[in-house]
1. Please count how many residues of region 121-148 are over 14 Å from residue 84 (Cα atoms), of a type in the set (S, T, N, Q) and open to solvent by less than 60 Å² (accessible area, probe 1.4 Å).
2. Name the pairs: first residue in region 333-344 and surrounded by 13 or more Cβ atoms within 10 Å (Cβ to Cβ) and assigned to a loop (DSSP other than H, G, I, E, B), second residue modelled with pLDDT of 65 or more and hydrophobic (A, V, I, L, M, F, W, C), Cβ to Cβ under 7 Å, at least 6 apart or on different chains?
3. Where residues in region 471-490 are closer than 26 Å to residue 525 by Cα and touching a residue at least 40 places away in the same chain (Cβ under 8 Å), which of them is least open to solvent (accessible area, probe 1.4 Å)?
4. If you go through region 211-224 one residue at a time, do you hit one that is of a type outside the set (A, V, I, L, M), open to solvent by 50 Å² or more (accessible area, probe 1.4 Å) and part of a loop (DSSP other than H, G, I, E, B)?
5. Give region 306-323 a look and list any residue that's assigned to a loop (DSSP other than H, G, I, E, B) and aliphatic (A, V, I, L, M), or say none.
6. Only one residue in 699, 676 is small (Gly, Ala, Ser) and open to solvent by 60 Å² or more (accessible area, probe 1.4 Å), so which one is that?
7. Restrict the check to region 192-212 and report whether at least one residue is under 30 Å from residue 292 (Cβ atoms), within 50 Å of the chain's Cα centre (by Cα) and not basic (Lys, Arg).
8. Can you tell me which of (1) more than 30 Å from residue 686 (Cα to Cα); (2) open to solvent by 60 Å² or more (accessible area, probe 1.4 Å) is the one residue 610 doesn't meet?
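The values are calculated or read from the model by the stated rules, or taken from the named source; none is laboratory data. Computed from a prediction, not measured in an experiment: that's the story for all the values here. Cβ placement follows ideal geometry from the backbone for every residue including glycine, while neighbour counts extend to all protein chains displayed. Keep in mind that these areas ignore ligands, DNA and RNA; they rest on the heavy atoms of the full protein, side chains included. Shrake-Rupley method; radii C 1.70, N 1.55, O 1.52, S 1.80 Å.
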Amino acid sequence: MRPLRSLLQLASLALVVLAGTGRARAQDIFGTSPGELTGSHASLDGSSNCGTCHTSGKELSKDKCLGCHDHWDLRTRIDSGKGFHSSDKVGSKSCWLCHSEHKGRSFDPMGWGTIGGRANFNHDWTGWPLEGKHQATGCDDCHKRKNRQGIRVYLGESKTCGSCHKDPHNFSDGPMKNCERCHTQDAWRPQKKPLGFDHNDTKDAKFALRGSHADVACAKCHPKSEFNLKKDVSDCKGCHADESPHKGMLFDQRGCDQCHADDADWKKYDFDHNRRTKFRLDGAHAGKDCYGCHKKNSITKPNRACESCHAKDDQHKGRFDKVGDCGSCHGTRDFKSDQSRFDHGKRTSFVLQAKHAVIPCRKCHRGRTPDDFERFDPGLRKDCMGCHQHEKVHNKQFKSAECLNCHLKPGERKFTVEAAKTFHGPDSEFPLTDAHANLKCEQCHKQADRFDDQTPNCGENCHKDRLHKGSLGQECTRCHEGGVWDPTRFDHDKDSDYKLIGLHKKADCFACHPKRQFKPTPTACVSCHAEDDAHAGSLGKRCETCHSETGANVFVDKPLASHNKLSAFKLEGAHTTTECSECHATLKFKPTKQTCFGCHPEPDVHRGRFGTRCEGCHDAVAFNRIKPIHDVGNFSLTGSHDQLPCARCHKDKRPLAGTGNLCITCHRSDDIHANSLGPKCGECHTQWGFAPARFDHSSVGCNLRGVHRTLPCMDCHKAGNFMGLSPACGSCHLNDARAVKLGGARIDHTGLTECATCHNTSFFAPSRPSGRESVCR
């Protein structure tokens, strides 16, 4: 209320000034100041500076307040929608409602009193809620700055922890300055879990924690919370120099990570000798222990020559020194049998080809001792049977000179071109064409020396029937040709029970036989065309009822006959020339309404009076053909009604709705029963005549006997009263009893109430008791 009171005082003062000056000009209001300005605005005091804040007369401008250079930072925050002055609390209010002026030099214009005082200020309004221990922190502990007039300011404070709290870690980069990644505002220790710091992320740390390092306490590597380590930890030696078992050795000159990994056990190592050195470790060398070649305490590299390690293993005693070193013949896999490096073609007169190139040396060089590789006599036969007698091959049909007539190279079963034409050429019994053209002989001829025991049929010998699994029989050549997978010989009409007709002739085989499974295959249309069913299954699964394989459709060829035969709704009259789409909006066809109202709305001429059963009056031939209305329905006209004019009942041509078909609607004035028997007159009367009535008196429990059967109804039901009559004799015959005379003498019935003790209901005299006092049960 204080700013409002100040404004009122200012307004009162202005009125006094105006009243005192009479018709003075408006700017004369500045001739007398309402009070001294505060210290912040002291430089503006004086009548010549009033326009700095005021616009016209005593009016103030919010733009002028925020336009002052001292408030530019505040204006920027308001324009960006940030801080307390942009909140719902004060965002739409004028500056001077909180910040008063003309109160003297020592007055604080901050306006804390208008919002309940500084101590009660809700920091949430600034957009930065205080959490944890900050809630109990005094304002001056964070807001320490003052302007040149000595007034404390509250803008421009940093939100980072380091602006108030000293960084014990001495972090230098920006992201690491975000203390909240590890600490909370409730307590500096212990750190929050989980941390917002990932030691394995290269953005946060240069050393990933894996394996044994993952469980190491932070203080073990970072004493005194020093996280910017000065020592080099890129190599294990930075921490584990004293633990190395390789001191003074060649290994000690290498980085630890060349052999060891920080995510594996220290005792396990993996050094890529082939990539990091010029000596490949393969064969027998691959499994050797490192210290087998690299002696302990040695800082030099071992000699790579075989003799440096295997001098004692040389069984040739210098015989092959002219040939070269050990590696000329031997490899590292097996010293005794691996002679694959020896070039037999260059160093001897016998070139090793085909199978000869891969057989062990000892197959031909059968020396007496392991180191004896004898020279063959130059005059020794070098044909096939010089070494191979071929006693059992080909049933001894061929001689040594004939081997290369068929075999392309020594020791190979591959045929020459001439032999291939002879045995499997175009004119042979089994030509090798298509997929068979490039097969190796042994793929079909399993026995090396037998070529005359094969059948031209595929059978189990070559092609196991994994696809058809015997479902199509064993005679593959019935459908397939040799070397051709496609069933070029198959005739669907002759070789199957399902003939292809019409569009099925153009269908792809795998459209009906997916995954090449040909038996069993369903023959029903829906088994293949379920997704093609435009009727969405509404017409069932027997597609062949309407469609054929040729694309013909019985509803297209003979629409009327087909509709009347296959549908429950017979087409007649105007329906026979109606387009299908007028009744069936989609090809789904079902469900389709079969009542007239389903397609034909009630015409305007009916004015909504006759309901939706159009077929009660109209037929499908023509709409203007109307059936005799009162010959059908629940009120057919017969007897006297059939002779009446329509207007007699349908006044103003209106239909009788509701209870219009009740007799009482028209015959209320004719009802002699005064509506005591209800409105259903037809239960007793007919349309042919009102009388006689067909009422059965026994239906109400009264069986009229004797003279009662011949009495007119009105004798008992006087004045049309048909309800609530007493069944006792005295209710009708009391006066008769009093007037009875016998032989001229009157018989006194006074006091007698039960007539049945003397009389019965069939006749009154002579008296004969019946025991029943009523005609009703």
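1. So the answer is 2.
2. What qualifies is 333/284; 339/329; 339/361; 342/329.
3. 471
4. Within region 211-224, none of the residues are of a type outside the set (A, V, I, L, M), open to solvent by 50 Å² or more (accessible area, probe 1.4 Å) and part of a loop (DSSP other than H, G, I, E, B).
5. 323
6. Selected residue: 699, the only one of 699, 676 that is small (Gly, Ala, Ser) and open to solvent by 60 Å² or more (accessible area, probe 1.4 Å).
7. Yes, some residue in region 192-212 is under 30 Å from residue 292 (Cβ atoms), within 50 Å of the chain's Cα centre (by Cα) and not basic (Lys, Arg).
8. (1)
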